[in-house]
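Right, one structure below, let's go through it.
FYI, it's all coordinate maths here, none of it is from the lab. All figures in this text were calculated on a predicted structure; none of them were measured in a lab. Virtual Cβ from ideal backbone geometry, glycine too; neighbours counted across all protein chains shown.
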Amino acid sequence: MTIIAKGAEVNGSMEVEGNIRVDGTVHGDVRATEGVEVGKSGRIVGSSIESKTAVIHGYVESRLVVSQHILLGGKSILVGDLKTKTLVIEEGAVFHGNSAMADEPVGSGRPDQVDQAKPGESGEPKHSYGR
């Protein structure tokens, strides 16, 4: 597991084999082969985060593309769109963005994946809560 400790600051994109936990600050994109976890003191500001799982307890300003599961903890803040198979938002979490849910894990290569609108659909989110 790669750990960005509290007080540490990374500027630039990161590619990690396995899991990463961010308790410090990352300014850039993050790609992990397994999971991304942002602790309560953690911050990620970038254009994209890609992984199999994501657990957010801190601040994230980025687009999330997560193939299996995203958990937004009760004190988390997410500013950005997300795409995943399973999404859990705990009470108290703040989410500003759009969500797209996939029937199959994101990146499965299926033509009816969430990336593409089905014929006759506008591609707009089906739900718009809190707007």
Exercise. Enumerate the amide H contacts of Ile3 below 5 Å, restricted to partners 5 or more residues apart or on another chain; note that Pro and chain-start residues carry no placed amide H.
Key: Arg21
Quiz item: Which trypsin sites (Lys or Arg not before Pro) does region 1-87 hold that lie in a coil by DSSP with at most 15 other beta carbons within 10 Å?
Solution: Lys6, Lys40, Lys75
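Which entries in the list Lys6/Lys83; Lys40/Lys85; Lys52/Lys83 go over 21 Å, if you measure between the two C-alpha atoms of each?
Lys6/Lys83; Lys40/Lys85
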